[in-house]
Amino acid sequence: MGVTPVIFAAGETGEWTIDRILAVAGEPLAPAARLARIEGAVTAPPRARWVLRGTRSNERYTTRPERDELRRVQPELGRAASTEAVLIPISKSDAWWDLPQDERRAIFEARSGHVTKGLGALPAVARRLYHGRDLGAEFDFLTWFEFAPEERARFDDLVGELRRTEEWRYVVREVELRLRRDP
Ligand code: HEM
């Protein structure tokens, strides 16, 4: 897969209405009315209150069986019933980035069960991961989720579980934006 840029722009326009911005760890993001997710864009729309940048990139940790299972069950973004979305920008610590790949993978899956837990929320939740670190962006990751309102509790449970894992001890900044759009 090639590298596709993405811009998240907050301001007065955008498909998504911002219901709530919660600073889970570290600095918050400024309040705004609406949010746009613009894949393929590298320049920010004029009058944006703030902008987050990332890229769709290759997977780093996923094994062949995990990837096959993910591709089998994961739904597309943009389903008509998915009128709620959550954007969670995340950065991890220097201690995380100083670890060798095999130790990061061991924390991520063997000890935290990230993919195993995540798979339990599919196909109810559609997801996309963007990377920002190699761009020198404000966040290492921009994680994006879409689901129907009746699946919100399932998503909330997953987020709660992930935040209790060993992997999350390396999270130094995390902001949660709750979004909705008209059906
Ligand atoms: C909805 C179910 C979920 C599934 C199936 C899932 C699956 C995955 C997979 C397979 C990766 C690794 C990609 C790679 O190989 O590089 C990943 C990475 C990541 N996910 Fe999830 N995830 C889910 C939910 C979440 C949630 C709710 C959050 C945030 C609260 C989250 C945050 C992240 C982050 C930050 C990474 C990057 C980790 C790193 O590279 O250090 N994920 N996820």
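Residues that are free of Cβ contacts under 8 Å to residues at least 60 places away in the same chain and either of a type outside the set (S, T, Y) or open to solvent by 40 Å² or more (accessible area, probe 1.4 Å) (or both) within region 160-171 comprise G160, E161, L162, R164, E166, W168, R169, listed in sequence order. Of all the numbered requirements in (1) open to solvent by 50 Å² or more (accessible area, probe 1.4 Å); (2) more than 8 Å from the ligand (Cβ to nearest atom); (3) in contact (Cβ under 8 Å) with a residue 12 or more places away in the chain, K117 misses one, and that requirement is (2). Scan region 1-19 for residues that are hydroxyl-bearing (S, T, Y) and part of a loop (DSSP other than H, G, I, E, B) and jot them down. T13, the sole residue that qualifies.
Filtered by the rule that a residue be open to solvent by 70 Å² or more (accessible area, probe 1.4 Å) and either under 15 Å from the mean Cα position of the chain (by Cα) or modelled with pLDDT of 95 or more (or both), region 40-54 gives R49, R53.
Listed here are the residues, each with its yes/no results for (1) surrounded by 16 or more Cβ atoms within 10 Å (Cβ to Cβ); (2) near the ligand (Cβ under 9 Å from one of its atoms).
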residue	(1), (2)
E76	no, no
F108	yes, yes
G132	yes, no
G136	no, no
F141	yes, yes
W144	yes, no
E151	yes, no
R173	yes, no
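Of a type outside the set (A, V, I, L, M) and in a helix (DSSP H, G or I): is that true of R169 in this structure? Against the criterion (of a type outside the set (A, V, I, L, M) and in a helix (DSSP H, G or I)), R169 qualifies.
When region 97-106 is filtered for residues that are open to solvent by less than 50 Å² (accessible area, probe 1.4 Å) and either polar (S, T, N, Q) or more than 7 Å from the ligand (Cβ to nearest atom) (or both), the ones remaining, listed by number, are L99, A106. Among the numbered conditions (1) open to solvent by 20 Å² or more (accessible area, probe 1.4 Å); (2) within 12 Å of the ligand (Cβ to nearest atom); (3) touching a residue at least 40 places away in the same chain (Cβ under 8 Å), the only one that F155 does not meet is (1). Of the candidates A124, A80, the single residue that is within 10 Å of the ligand (Cβ to nearest atom) and either over 15 Å from the mean Cα position of the chain (by Cα) or buried (at least 18 other Cβ atoms within 10 Å of the Cβ) (or both) is A124.
The values are calculated or read from the model by the stated rules, or taken from the named source; none is laboratory data. Keep in mind the model is a prediction, meaning the values are calculated, not measured. Methodologically, a virtual Cβ is constructed for each residue, glycine included, from the backbone with ideal geometry; neighbour enumeration extends over all protein chains shown. Remember, those area values only see protein heavy atoms, side chains included, never the ligands or the DNA or RNA. Shrake-Rupley method; radii C 1.70, N 1.55, O 1.52, S 1.80 Å.
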